[in-house]
């Protein structure tokens, strides 16, 4: 555990005997212990990952009330990973039997079936068009104090033979009109943080490819979209990784780690978490992560598992200036690929959901 996190936890056990402290390290968090730890996050946001790991390892021994959810959102800057981890811990607390891990052989069998299903799906992707609704926010330093930047409406056309083509339809609700052009990279048109390609299935498929030499480890169980899932941690080292970061004209090949949530019945990935690792020390982007939620959509009277929501977080450091970027992307109106992207040029601001906290 990070030595700073140990110091924070010691705030609650200074007067405890050694045996009591050892037992507390493996026991579920008490509400008092957890609240005291959360209050330290505004001063030490860099400890978020360690806090998440401790929650996953120990769980919580108290009901996750709306008041506690509100407190965590306030002190963590509405951190989505911390929120999801707490909801997982609450489900384990309420129903530990349903959250029990299966035998290792059963878990490995599910992983093998998912590898086959995912790679087959990647080779059978349909040609489609979809509208991406992107809310971009920025925060300065490592405060996670998010300030709205802009809203983008992007048309995406995908063909198996040529990949993705992007077309900026509107910025802050203002249509681009005749200026809108299709391209493989729209970053120069809108500036700021953008992403291409990985939201669909390529990044998940790369995790399962033999050449990636991915290391998997069963981590947890969870409930996603009402479906029972197994959660696996994974790690890919730089020499075998296909993850690339781009900052201006500079690019960097980096490693990755994260989690995948696998439906125990359909053998498909319902959620994919990816965190960049081994980023070069002199690279402008110092941290990058994403979470993609998948669901079944109908295209041409067939069902396909495709993204419905993605959140991408980047931290960029230039000199002493540190800027965090957050892109919240929702996918609307999947359709079979047509001759042009005009079919989804209409902009409906109602597609942008209101800024209200998600309900568990």
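Computed from the coordinates by the stated procedures, all read-outs in this text should not be read as laboratory data. The model shown is predicted, which means the values in this text are computed figures rather than measured ones. For neighbour counting, all protein chains shown are included, and Cβ atoms are generated from backbone atoms with ideal geometry for every residue, glycine included.
Under 19 Å from the 7 Å Cα→Cβ point of residue 140, by amide nitrogen: which residues of segment 183-214?
192-193
Working out 0.36 nm times the residue gap between residue 187 and residue 49, then minus their Cα-Cα distance, what length gain in nm do you get to one decimal?
Taking 0.36 nm per residue and subtracting the Cα distance, the gain is 46.7 nm.
Order these peptides, 203-215, 313-325, 177-189, by their mean beta-carbon neighbour count within 10 angstrom, highest first.
The packing order, highest mean first, is 203-215, 313-325, 177-189.
Using a 10 Å cut-off around each Cβ, can you sort 52, 254 from fewest to most neighbouring Cβ atoms?
Arranged by neighbour count, lowest to highest, 52, 254 become 52, 254.
Given points 7 Å out from each Cα along the Cα-Cβ axis, report the residue 39 to residue 73 separation in nanometres with one decimal.
Placing both labels 7 Å along Cα→Cβ, they lie 2.2 nm apart.
In whole percent, what relative contact order does the chain give with Cα contacts below 8 Å and a gap of six or more residues?
About 15 percent, as a whole number.
How high is the FRET efficiency from residue 31 to residue 302, r the C-beta distance, R0 56 Å, rounded to 0.05?
E(calc), rounded to 0.05, equals 0.70.
Describe numerically, in nm with one decimal, the distance between label points set 7 Å from Cα along Cα→Cβ at residue 172 and at residue 125.
3.3 nm
Shape verdict for segment 56-202, please, from the Cα gyration tensor: rounded (a/c under 1.5), prolate (a/b greater than b/c) or oblate.
It is oblate, given that a/c is not under 1.5 and a/b is not larger than b/c.
Rg/Rh for the chain to two decimals, with Rh computed the Kirkwood way over all alpha-carbon pairs.
Answer for the chain: 0.97.
Convex hull over the Cα atoms of segment 153-247, averaged projected area in nm²?
Projected over every direction and averaged, the Cα hull of segment 153-247 covers 9.2 nm².
State, to one decimal in nm, how far the label point of residue 106 lies from the label point of residue 238, with both points 7 Å from Cα in the Cβ direction.
It is 4.1 nm.
Using Stokes-Einstein with the Kirkwood hydrodynamic radius over Cα pairs, what translational diffusion coefficient do you get for segment 195-241 at 37 °C and a viscosity of 0.692 mPa s, in µm²/s rounded to a whole number?
It diffuses with D of about 267 µm²/s by this estimate.
Once the Cβ-Cβ distance between residue 217 and residue 116 is put in as r, and R0 is 22 Å, what FRET efficiency do you end up with, to the nearest 0.05?
It comes to 0.65.
So if I take the centroid of the Cα atoms in segment 232-284 and the same for segment 63-112, what is the distance between those two points in Å?
Comparing the Cα centres of segment 232-284 and segment 63-112, I get a distance of 22 Å.
So if we plug the beta-carbon distance of residue 322 and residue 265 into 1/(1 + (r/R0)^6) with R0 = 51 Å, what FRET efficiency do we get, rounded to 0.05?
Taking R0 as 51 Å, the efficiency between residue 322 and residue 265 is 0.70.
In deg cm²/dmol and to the nearest 500, what is the mean residue ellipticity at 222 nm of the chain if only DSSP H runs of at least 4 residues count, each as -39500 (n - 2.57), divided by the residue total?
-7500 deg cm²/dmol
Among 261, 146, 296, which comes first, second and so on when ranked by fewest other beta-carbon atoms within 10 Å?
296, 146, 261
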